């Protein structure tokens, strides 16, 4: 196999694994709860521990690859991800599983940006690079889509532990191929690492999520709850202050003065807050209320995953004609309608009658809305900051997803526990909690659609492809 194709294989294998681990865990959650005694609130940390660590250190991982070498950091991320997967698969306690998930997230934060920079330094020709980046992006989408199916197969035929252990042979194979095919490269202009910024923002986000989930059991006025929020405020304030005072900040805050960047990131965070929670709650509902086993639940996600892929094809044809704003707004409103439909679930609803239709609606809306966000997030940005803008969008997705899952899970658990205490059946209580979360998610995504209205109008340049858009407000002045 030619070296460049081997490099592409290595990058795609790593990206597939990182994206897969965001979604593969959802179908395994009921089995993990039964085996290790997770509470409903504690169970969401299995998802949040990964996404928070991934989001908090993603930008730092990109800087580290530039500074210490792309292949070196790629291999370091692989080793950490593989070791964490092995620990998670052998874990016999909740704490060890959560620690393994956080370490996986950290490994993914190092690994994911390194895969992209390895591709961009290996493929230098326009057409070849476009094909390579297209394959890289597609394999990430496939990883997200097949996560539910893969998780269902592994849990059904083996056990929940294999959602972790399956990564180990993939890591070994990828590392061997990387040692053979990938050459070491570093950036010419190597920025200093803002490790302090990464620690502050990650610690602040963890403290905030801890405060949210603690409030469900201890109450909002409990010292542990408000103490967590105080710690979060102090750490996040410290992060903002630090970023304004150092020469090489993790996040140059001035980039948010560019309106498309701030609008796109705000929209992404809001949509992701509902998107991550959807996979979580639908999986819990199908297995806990409908009685599906893990394999059936994984297969039941197929129409929803397929609708995301289908919806993502529409913007590629329409983006150059109507611009990003109508697509974002329309996709968000369709997604909100799907969540409102999900909120009509009852314990008697069947999969066909209660899950299939709204799942397709949400999937189509998300596919339509999320596709143009990348272009919107980099519109009006200097080419030297395009990578930063793309990294910020990915970070917003992970942060929004983690916070949204924490908030919606807390609301759902509070509702379910109250009904259980009043004598409701477990199925009725669980469904009521789920529908409350979906109703709130519908409102959140509707707000995302309204935020997207603030995006400046965009039109393609005369020489650009539909993906290469120039932002232009109504008065024709550059959008900043």
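Here are some notes:
- Residues 156, 210 in ascending order of nearby Cβ atoms (within 10 Å, fewest first): 156, 210.
- Three-way shape label, the range 1-188, alpha-carbon gyration tensor, a/c 1.5: prolate
- Reciprocal of mean inverse Cα separation for the range 195-245 (Kirkwood radius, Å): 10.9
- Exposure proxy order (Cβ contacts within 10 Å, fewest to most) of 275, 446: 446, 275
- Tensor-based shape of the range 27-129 (alpha-carbon gyration tensor, a/c under 1.5 rounded, otherwise prolate or oblate): prolate
- Take the Cα of residue 350, step 7 Å toward its Cβ, do the same at residue 96, and the gap between the two points is 4.4 nm.
- Overall form of the range 1-70 per C-alpha gyration tensor (a/c, 1.5; a/b vs b/c): oblate
- Euclidean distance between Cα centres, the range 67-126 to the range 1-61, Å: 10
- Order of 50, 280 under a 10 Å beta carbon neighbour criterion, fewest first: 280, 50
Only the coordinates and a few stated rules stand behind these numbers; no lab work does. Every value quoted in this text rests on a predicted model; they were computed, and no experiment measured them. Because the Cβ atoms are built from the backbone with ideal geometry, glycine has one as well, and the counts that use them run over all protein chains shown.
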